[in-house]
Amino acid sequence: MPMHFEPLDFSRIRTYSIAARKNKVSCQGFARPYREGSTFADFIATIPSILAGGEYREIIDSIVKAHLSRRLVLLTMGAHVIKVGLSPIVIDLVKRGIINAIAFNGAGSVHDLEIALVGETSENVADGIREGTFGMVRETGDILNECALRAYEEKRGFGEVIGERISEAPFASMSIFAEARKAGVPTTVHVALGSDIFHTHPAARGDAIGAASFHDFRLLCGIISQATEGSVIMNAGSAVVLPTVIEKAIAAARNLGCRVEGFTGINIDFLRQYRSLNNPVNRAKELGGKGYSLTGHHEFMIPLIAAGVIEELRRTAGN
């Protein structure tokens, strides 16, 4: 027999005054129109303090406080940050002493090196695969494999040797590795074997690449061991490799008794991905800190954050 249904009688619904309700949105947090001739700091003040607008300000505040209190500000970044032209922004933050350490995936080393060598990068992958030439540029493969072998033989880090090797390249001023080396900021490279173009070259040696990258992983563990309260770990443009590396580095540091907790985890990418949302964003929250995930194009989001940090530091210095 079919069930029987009747419309609900709303005559006894209980209501209450809007004055008694707690609301999540107030006009006090609304955007303000931009005024011609305003400063960038004035522009930031026009952004609504709702959702990502509020998080944007909190991210700026976290980085500024970490810098002023001499806490770790670690940037982990994929190659896309370089490919969309943001190396000068990262280099400027390094020179200002705001970023203390940088971790790259393997592709980051490829594109940074090519920019340093010829001021250009990013080949047409589809054409290269059809022609059997994708990833086969001689200089890129030779130099990175030479750096891996040297790091292996000298028991040094991959990122350290890359920075040295390309510091005299024609466009070295556009190289994050080279400029970080000059500033005394460590760079690490975290390779997934088979994922980068220099792995297919005749000079490639898996033992050398693996040892060089493993040295960098242990160094990153040492860096992350200092991610105490007030520190910042910010990931940009790596959806899988670097988030999983962050996770293992945190685990290793805490296993050895380091108080990796209370830090702010930030992720910036086109999409919200599972691993990068966990590491460092959710992991930071689980360990007593704060976590933020901003979704958008790097070529807009990273300059906005960098400029916001610089303006807030200027304002703070003036007070």
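Taking all protein chains into account, the per residue accessible area for the stretch 40-164 stands at 44 Å² (1.4 Å probe).
Just so you know, the Cα atoms of the chain work out to an Rg and Dmax of 23.4, 85 Å.
Within a straight-line Cα-Cα reach of under 30 Å, residue 290 can be paired with the following lysines, leaving aside sequence neighbours fewer than 8 residues apart in one chain: 22, 24, 65, 83, 95, 248.
Packing-based ranking of 29-41, 163-175 yields 163-175, 29-41, ordered from highest to lowest mean Cβ neighbour count within 10 Å.
Amide H to amide H distances under 5 Å link residue 103 with 75, 76, 77, 188, where only residues 5 or more positions off or on other chains count and H is placed in the peptide plane.
When the accessible area of the chain is split by element with a 1.4 Å probe, what percent falls to carbon and sulfur? C and S fraction of accessible area: 55 percent.
With both labels modelled 7 Å from their Cα along Cα-to-Cβ, the residue 247 to residue 272 distance reads 1.8 nm.
Taking amide H as placed 1.01 Å from N in the peptide plane, the amide H of residue 292 sits under 5 Å from that of 265, 266, 267, each at least 5 places away or on another chain.
Between residue 201 and residue 229, the contour length at 0.36 nm per residue exceeds the alpha carbon distance by 5.7 nm. Couplings 3J(HN,Hα) of the stretch 102-118, computed from phi: 9, 10, 10, 7, x, 5, x, 5, 4, 6, 5, 4, 5, 4, 5, 6, 10 Hz, in residue order, whole Hz [Karplus 6.51 cos²θ - 1.76 cosθ + 1.60, θ = phi - 60°; x for Gly and Pro]. Among the trypsin sites (Lys or Arg not before Pro) found in the stretch 90-130, those both in a DSSP coil and sparsely packed, with 16 or fewer other Cβ atoms within 10 Å of their Cβ, are 96.
Give the Kirkwood hydrodynamic radius (Å, one decimal) of the stretch 10-133, defined as one over the mean of 1/r across all pairs of different Cα atoms.
Numbers: mean 1/r = 0.0517 Å⁻¹.
Final number for the Kirkwood radius of the stretch 10-133 is 19.3 Å.
For the stretch 189-206, backbone phi angles converted through the Karplus equation (6.51, -1.76, 1.60; θ = phi - 60°) give residue-by-residue couplings of 10, 10, 9, 9, 4, x, 9, 10, 5, 6, 6, 8, 7, x, 7, 5, 10, x Hz, Gly and Pro being listed as x. In the context of the full set of protein chains, residues of the stretch 211-279 present 43 Å² of accessible surface per residue (probe radius 1.4 Å, heavy atoms only). Cβ-Cβ distance of residue 299 and residue 259, R₀ of 51 Å, FRET efficiency by 1/(1 + (r/R0)^6): the value works out to about 0.90.
Taking R0 as 30 Å, what FRET efficiency do you get between residue 49 and residue 15 from their Cβ-Cβ distance, rounded to the nearest 0.05? Could the numbers behind the result be given before it?
Details: r = 30 Å, r/R0 = 1.00.
E(calc), rounded to 0.05, equals 0.50.
The values are calculated or read from the model by the stated rules, or taken from the named source; none is laboratory data. Computed from a predicted model, the values in this text were never measured in an experiment. Ideal geometry is used to build each Cβ from the backbone, glycine not excepted, and the neighbour counts take in all protein chains shown. All accessible areas refer to the heavy atoms of the entire protein, side chains included, with ligands and DNA or RNA removed. Shrake-Rupley method; radii C 1.70, N 1.55, O 1.52, S 1.80 Å.
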